[in-house]
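Q: Okay, handing you the structure first.
The values are calculated or read from the model by the stated rules, or taken from the named source; none is laboratory data. Keep in mind that this is a model prediction, so the values were computed, not measured. Please note: Cβ atoms are built from the backbone with ideal geometry, for glycine as well, and neighbour counts cover all protein chains shown. Side chains included, ligands, DNA and RNA excluded: accessible areas come from the protein's heavy atoms. Shrake-Rupley method; radii C 1.70, N 1.55, O 1.52, S 1.80 Å.
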Amino acid sequence: MSNSPLATGTITTRRRPIDSVEYVEENGNGKVNIGQHHHHRRITSSVNSLMRPGRYLSRWIFGALMLLMISTMFVKIILIHLFLRVNATMTSHHDFLQLPRHVMHEQNSEIWANFGSDKYYKCIDRSSIKTRGKSMSNGYILVHANGGLNQMRSGISDMVAVAKLMNASLVLPMLDHKSFWTDPSEFKDIFDWQHFRKSLEDDIEVLESLPPSVANIKPFLKAPASYYNRDILKILKRHKVIEFTHTDSRLANNGIPDSIQKLRCHAMYEAIRFTEKIEQLGTKLVNRLKENGEPYIALHLRYEKDMLAFTGCNHNLTQKEAEELRKLRYKTKHWKEKRINGTEKRVLGLCPMTPREAAIFLEAMEYPSNTKICIVAGDIFGQNGLKALQERYPNVYYHSNLATEQELKPFMQRHNQLAALDYILALHADVFLYTYDGNMAKAVRGHRLFQGFWKTINPDKQNFVRLMDGMDNKKLTWKEFATQVRGLHVNRTGAPNARVVGHSPKLEENFYANPFPGCICLRPKHEKNR
């Protein structure tokens, strides 16, 4: 008699071998223990039935949708938890959440805020009595503008004031071709000379060259002095042509007639304008940085070879790099100071910030890591270059990577023209931070104040270095360090502050770095509510 179930009339269920294999694979244990897992068989059988097409298709779809919904909710809960956790620690930790830029900047709008006020206004209008009359000129002034771009600009502005004081005609200045950059550019290559002449016509006469009547006169060579209305004017009347051998820092910061101070600002910030091709490209680069309304910081990171050699600062450099700077300093004859203790200068706050110091400063001031930073300076010296800055702020730009090769081609090997592009980028930045108080820093800072107290950060480097070393030596936590850095700079971000007057020119604030008072005035009370 057959033992077949069909023959006996009884029906038994028997799992196919594949069912056990599928179950084992889902559990991942590689073994089948029927005694331990017989209570799972019904579940497994049901799942297998649901996985089969046919009448269970609708159940399969419903189950898949439920699984998808539950998984999505689970992922959302995890992401929200992570967001709240990171956001809660942002104020106490130096890492930043990578939010979309427009969200980041809206949430931290105070770090971009300007300090312009309707209490102040530009006041450079001169009385008609003070403008140039019809009287004949007392003579002609030739000038050699020395130094880099911004040193020349401030010197030329001073010479405009000197020409006014002596009622003299000013010939277009000759530019320095022997400075560190040895730029062969002439005045007309960098500046809009016709605009310069037109803008100053109510104050002085500006000529392209000496007129034929005095062209053959040998100019009287003279270094600029401070007594133009007295001895220099006599020399001018006697010789008719004076040639000033250089132009830098030849007018006092204070104690100058009000009309002359206003003229200096008019010359510096309005008459001396760059050529059309420089202005157009500079504006184009600014617009590229501000695409979609995004702000940017212009960082004047003066950690360049010439500046480090001149100051003797070598913090964070190798011994070989420090020796290279020392040799350059001894080789440059007109740099009078040769033996310099760079460590002492840094402690006194007299060194340019290193890229690492600049990055940590910006972090402490709460600028997010996705902030756009435009370096408005030359090549950074040292084998590590910008590495320390880019590790914290990867969105770093120069004029060289903002412009195309074709756009920059007319300016190559013309360092003063490239510096003019940097000036435009610095002037129109949402924030300007300078790490060394040199000629460009002074010029841009003063121009931004003149335009309406645009945000400009003037670091307290002496105290910053002290705090920085304290944190590096584990004496301060990051939170303590950052809090103190922000506290130090509450009043150093471009708000109206009257120029500091000292007992000597070296101890007082530079006029072009802060033209208030002089060219910025307090608005009368009856005009404030207009």
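Q: Can you give the FRET efficiency for Asp472 and His503, using 1/(1 + (r/R0)^6), R0 = 41 Å, r = Cβ-Cβ distance, to the nearest 0.05? Before the final figure, lay out the partial values.
A: Details: r = 37 Å, r/R0 = 0.89.
Once the sixth-power term is evaluated, E becomes 0.65.
Q: Here's a follow-up. Restricting the calculation to Cα positions, tell me the Rg (one decimal) and the Dmax (whole number) of the stretch 293-357 in Å.
A: 13.6, 49
Q: How large a share of the accessible area of the stretch 304-350, in percent, is made up of carbon and sulfur atoms when the probe is 1.4 Å and the other protein chains stay in place?
A: Values: 1680 of 3210 Å².
The C+S portion of the solvent-accessible surface of the stretch 304-350 is 52 percent.
Q: Convex hull volume of the Cα atoms in the stretch 211-258, per residue, in Å³?
A: Working: hull volume 4.9 nm³, N = 48.
For the stretch 211-258, the hull spanned by Cα atoms encloses 102 Å³ per residue.
Q: Go through Lys284/Lys506; Lys222/Lys277; Lys327/Lys479; Lys198/Lys237; Lys222/Lys333 and tell me which ones have a Cα-Cα distance over 31 Å in this structure.
A: Working: Lys284/Lys506 38 Å; Lys222/Lys277 35 Å; Lys327/Lys479 41 Å; Lys198/Lys237 26 Å; Lys222/Lys333 22 Å.
Pairs exceeding the cut-off: Lys284/Lys506; Lys222/Lys277; Lys327/Lys479.
Q: Related question: Taking the Cα atoms of the stretch 308-391, what is the range of coordinates along each of the three principal axes, in descending order and whole Å?
A: The Cα atoms of the stretch 308-391 stretch 43, 24, 22 Å along the principal axes, largest first.
Q: Can you check how the C-alpha radius of gyration of the stretch 177-245 compares to 2.2 N^0.38 Å, as a plain ratio?
A: Details: Rg = 14.8 Å, N = 69, 2.2 N^0.38 = 11.0 Å.
Computed over Cα atoms of the stretch 177-245, the ratio equals 1.34.
Q: Suppose each label sits 7 Å from its Cα in the direction of the beta carbon; what would the Lys338-Asn491 distance come out to in nanometres?
A: Taking the simple label geometry, Lys338 and Asn491 are separated by 4.3 nm.
Q: At 0.36 nm per residue, minus the direct Cα-Cα distance, what do Leu408 and Ala252 gain on full extension? Give it in nm, one decimal, please. Mind showing how you got there, number by number?
A: Values: separation 156, 0.36 × 156 = 56.16 nm, distance 3.81 nm.
Length difference between fully extended and current span is 52.4 nm.
Q: Starting from the Cα coordinates of the stretch 198-285, work out the convex hull volume and express it per residue in Å³.
A: Convex hull volume per residue, Cα atoms: 155 Å³.
Q: Using every pair of alpha-carbon atoms in the stretch 442-526, split the distances into 5 Å bins beginning at 0 and state the percent of pairs per bin, rounded to integers.
A: Percent of Cα pairs in each bin: 3, 13, 19, 17, 15, 12, 10, 7, 3, 1, 0, 0.
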